There are 2 protein chains.
Amino acid sequence: MRSAHVGQEVTLCGWIQYQRQGLFLVLRDFQGLTQIIIPQDEAHSHVKKVLYDAPVESVVRVTGTVTSRPPGQKNPRMPTGDIEVKVKTAEVLNSCKKLPFEIKDFIKKSEALRMQYRYLDLRSFQMQHNLRLRSQMVMKMREYLCNLHGFVDVETPTLFKRTPGGAKEFVVPSREPGKFYCLPQSPQQFKQLLMIGGLDRYFQVARCYRDEGSKPDRQPEFTQIDIEMSFVDQAGIQRLIEGLLQYSWPNERGPITTPFPSMSYAEALAEYGTDKPDTRFGMKIIDVSDVFRSVEIGFVQNAVNKPQGTVKAICIPQGAVNFEALKESAKSQFNQEVLHLILKPDESLKSPLSKFLSEEQQSELIQALKVQADDVVLLAAGEHEKCLVLGNMRLESANLLELRGLVLRDPTAFHFLWVVDFPLFLHKEENPAELESAHHPFTAPHPSDTSLLYSEPAKIRSQHYDLVLNGSEIGGGSIRIHNAEQQRFVLETVLKEDPELLSHLLEALKCGAPPHGGIALGLDRLICLVAGAPSIRDVIAFPKSFKGRDLMSNAPDYITPEELEPYHIQVACNRFFVSISCFLKIPFSLHMPI
Amino acid sequence: MRSAHVGQEVTLCGWIQYQRQGLFLVLRDFQGLTQIIIPQDEAHSHVKKVLYDAPVESVVRVTGTVTSRPPGQKNPRMPTGDIEVKVKTAEVLNSCKKLPFEIKDFIKKSEALRMQYRYLDLRSFQMQHNLRLRSQMVMKMREYLCNLHGFVDVETPTLFKRTPGGAKEFVVPSREPGKFYCLPQSPQQFKQLLMIGGLDRYFQVARCYRDEGSKPDRQPEFTQIDIEMSFVDQAGIQRLIEGLLQYSWPNERGPITTPFPSMSYAEALAEYGTDKPDTRFGMKIIDVSDVFRSVEIGFVQNAVNKPQGTVKAICIPQGAVNFEALKESAKSQFNQEVLHLILKPDESLKSPLSKFLSEEQQSELIQALKVQADDVVLLAAGEHEKCLVLGNMRLESANLLELRGLVLRDPTAFHFLWVVDFPLFLHKEENPAELESAHHPFTAPHPSDTSLLYSEPAKIRSQHYDLVLNGSEIGGGSIRIHNAEQQRFVLETVLKEDPELLSHLLEALKCGAPPHGGIALGLDRLICLVAGAPSIRDVIAFPKSFKGRDLMSNAPDYITPEELEPYHIQVACNRFFVSISCFLKIPFSLHMPI
């Protein structure tokens, strides 16, 4: 309601945000706040009593006339600040009998409390805004995919079969003894089968499940914008997603520029120490191995002379102020010592290393890193991966600098980045002689590297691509293997998985599978970044706690053995008891002493 | 591609539908079929060989020139029947190595086979059409709700807590010993909590779960268009849904007229013997108690004199021809005898009853039922419910008459119907002294009947409404209880449920819950009817068999005890074994003879 409505008779339904001395109240509905003037004359004493007695957050319906606020009482910060409604009739539709906290303070309360009373938390401006933003953005994405680009929205099952290595899949007991469904982590197999089925452009806003136990800012169920296309290459998917984001991007967040920049995985690791670089600020990692090659420090020499050994550095502008905090954080958070250099205002270097560095080496270093007075340089020496600590220190330093008031990362900036050319396989952490998929076993090898698949699979790059926004991974996808023999080779020979579990997919690939590829965007994370929310829980209506609990309803909960009976399962006995009962399998005819 | 494209150079990717003698082939892509002319000259011998050797259903890419088909060779039944493509280059992208059946014959194969090779079945014209129709119709619904009516698309969790009486909910073990999530049958609680949370217009295309064991034409997971509004009444929801269906209705199915007619539950039962009447044809049930009140047949008198006793009848036009089949079906399918009358061409009645009926009674009957020569009248006497058999016989007769070529139900007609004024509670079948919710415990009483809630709950009508299309229930909803005390009374006093399981909802109702109501449309069933498909499995990409199995991947499947360990469950021992281990709890220090 605005000035244009002055003189109109209106009916409003909403919640009493507050009420003052029976004179006026503020009514909140889904469109915002409206000031309501309570009549003071005798004829309307009933209306006055009704509104005076109604507790805050009661639901009321009022009718009245829109009038201009008297001069001097207009509120320019309120969209309805020019008007008020003079009430004639009022009715309490539901009285609020209980209120643990006032709605406007809710966001300040502990998160556990917000979760417990989620239905009240949802009344907050912020939650209303976030959920409506999410709905609108998803709607725009659907328009783009479905109406503009001919994608077909196909719903795929969530009661499915366990995937090989699907250790993070929830299980769902069926009525067939011993048989279980699994809740899949993504519709990966289905989207590929749809391509084989000739649904050439598929998308779905797909519910996915991942059981990771307790992890902060992860949810056991989450949503992805799931996309797959036939007869497409990596660039085709990338351009589609850029268009998708541009089309669905909320106006109030400003335009985004396409195409997004692209960076290889190797480059990202070398320059940012991570595969999801936050490119909103500099402080890149610089390779200073050449400077240190002739420096006579034992461990530095050791490092530089190893096959993948390097010395790397980042320069933190004005880092001297936070220097102790930085060192502390490297130690406590990353359990790693980093070497440091501080350039003092008199241009001299302060460092445990400085005595080992010639003046020439010192100035080479200062030049390479563009060090200025009061900057701190952090150094790490060792094998390639060891330098990843500098990636973490880079982010940590940015946090510390921003705490001091420096703006390194423009909060209104959105830096998208494609990270490409990932390795297809990684050495298993627990057994480096074995390989595992860097992403999943359906990822196609990079066309330039295909021949390596059969000779040196550890060296092959993939056709996987990640989409990164402001240092968060918001999507990932790949061109898939469409050749049955290649897929079997990867599963059986490289990954040593039992191909039997995927026999349906291997069969399908033999029946005229088109070349295809796709991507999935993590919707919760994307909306969280767009909304500027502190956590993905702030863009989900009913999130679980980091332990996977619904604090409002108290799920998961105990259920009776009788309720489990149709599913042929029971809660496991403790170990001792299990061992006795296993034991009993042998002496079956045992005479029991009772 | 059409005549307008003649002369253009095109690249096509698709599947070889068939190929004839190296002369031409038909290429199938998502848009349809295109005739490809294989070049016969020496310069293109490679192209010819490639296409000649490629098995049917191989995926190929061809480039060539669109040309007009020679006169006399145009195919008016094919959208691309005016043109053909003269190929210059061809490449096999993936050769089809295996094909259990030709795609065009697929629909004729056994359903089990179609399910096993679903990815091939999806290539059929019919499945492509159904899935694309589904996607488009849902998209239109979203536009209507989200863009035109300000609804917010909110995703609600599927890992939730067991609902009271939720015997059909799948359970999902969590990592907390003995604790389980449940997969809810609908977002009912969440949609109400959203209303309490001030999201005044909610919708979701919601995945729901129902474990009913084996049931034909039901799916363990299914989709509903889930809607809830605050400050709305029954008529408000009904008008919204009518607009929704009108807006999303596919053009090729012709327009639908709104508002939909409405019928009370009592009327539906009385006239159609079912709460989901197929109003596409007549043959209504007629109460002929008055005619029989003075007829001296013992069991008829018995029936008429009972409190709810009636004699009812339907008249089946030209039913005499199928008479034996009808009688047989009443017996075998519904396990019930029905009395009959046949009006012979000479206007005399042939019936075991005729000797008991006076001439006047006979003609009263003929008039009441508008019986004509060769019509059959079926009669049922007894209590109200017993007459439901006539509802079944009505449908069965329609089937039999249509088998004979009569068109009773226009296959292009769509008859929507609201069924309203349901009872709020029903007597439990297993214990008629107890009441259960006719729909769910959140349904509000009918405003005219509210006072009965506390005195005679069995007699109260509800604010529930069902939407019926051509005799199938495609949706249902209600205005909900928004008063905490009333909700508690229903749960605790009427239904004898433990309100503890719903304490979060009862608490929420105290915090200023707005009046609200909603509806859910069964999407699978709706699309099935719109598409004219024989089964809901034909409008679902990857349906389960009626036993709940995925015949393609063979889910559900066995998983190892190790995989169950994190969830603290085990497959239940057989009964004998369980009893031994329970037994063991007592003689804990038992000396084991090994």
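The numbers here are math on the coordinates, done by the rules we state, and not lab data. Please read these numbers as outputs of a predicted model, since none were measured by experiment. Here the Cβ is made from the backbone with ideal geometry for all residues, glycine too, and neighbour counts use every protein chain on show.
See the values below:
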item	result
Approximate spin-label separation B:Arg20-B:Ser262, in nm, with each point projected 7 Å along Cα-to-Cβ	6.0
Ellipticity estimate at 222 nm from DSSP helix runs (n ≥ 4, -39,500 (n - 2.57)) divided over chain B, nearest 500	-7500 deg cm²/dmol
B:Ser348-A:Glu176 FRET efficiency (beta carbon distance; Förster radius 45 Å; 0.05 resolution)	0.15
Distance between modelled label sites at A:Gln73 and A:Glu383, nm, 7 Å Cα→Cβ extension	7.5
The range B:108-173 versus the range A:13-85: alpha-carbon centroid distance in Å	45
Residue-averaged beta-carbon neighbours from other chains (10 angstrom radius) around A:133-139	5
Restraint check, A:Lys140/B:Lys140; A:Lys215/A:Lys428; B:Lys215/B:Lys544; B:Lys284/B:Lys312, Cα-Cα greater than 19 Å	A:Lys215/A:Lys428
Square roots of 5 times each gyration tensor eigenvalue, C-alpha, the range B:281-403, largest first, Å	21, 18, 12
Amide H contacts of A:Ile474 (H built 1.01 Å from N, under 5 Å, at least 5 apart or other chain)	A:Leu467, A:Val468, A:Leu469
DSSP bridge pairs, chain B: antiparallel proportion in percent, nearest 5	95
For B:Lys97, inter-copy label distances in nm, listed shortest first [label point 7 Å out on the Cα-Cβ vector]	6.9
Length gained when the stretch A:Asn554-A:His129 is fully extended (0.36 nm per residue, less Cα-Cα span)	150.4 nm
Modelled FRET efficiency - R0 56 Å, A:Glu434 with B:Asp410, Cβ distances, 0.05 increments	0.30
Förster radius 25 Å - calculated FRET efficiency between B:Lys370 and B:Arg293, Cβ distance, rounded to 0.05	0.75
Sequence-distant residues sharing a close amide H with A:Leu339 (under 5 Å, placed H)	A:Leu379
Listed residue (A:Val321, A:Met393, A:Val377) projecting farthest to the positive dipole end of the range A:281-403, Cβ model	A:Met393
Between the range B:353-383 and the range B:192-216, the Cα center-to-center distance that results, in Å	48
Kirkwood-Stokes translational diffusion coefficient of the range A:1-51, alpha-carbon pairs, 37 °C, 0.692 mPa s, µm²/s	274
Cα shape, chain B, gyration tensor, a/c 1.5 rule	oblate
Potential extension, B:Thr89-B:Gln308 segment - 0.36 nm per residue separation minus Cα distance	70.9 nm
Relative contact order [Cα under 8 Å, 6+ residues apart], the range A:281-403, whole percent	37
Among beta bridges that DSSP assigns inside the protein assembly as shown, antiparallel share in %, nearest 5	95
Kirkwood Rh in Å, taken over the protein assembly as shown so that all alpha-carbon pairs contribute	35.2
Label distances, nm, A:Leu403 versus same residue in remaining copies, Cβ-directed 7 Å point	8.2
Distances in nm from A:Trp249 to the matching label points in the other copies, shortest first (labels 7 Å along Cα to Cβ)	4.1
For the range B:309-355: span of alpha carbons on each principal axis (Å, largest first)	32, 28, 17
Lysine pairs in the range A:3-99 with Cα atoms under 21 Å, if 8 or more residues apart or on separate chains	8
Convex hull volume per residue for the range B:3-99, taking Cα atoms only, in Å³	101
Residue (of B:Pro432, B:Leu122, B:Gly22) at the positive-pole extreme of the protein assembly as shown, dipole from beta-carbon charges	B:Gly22
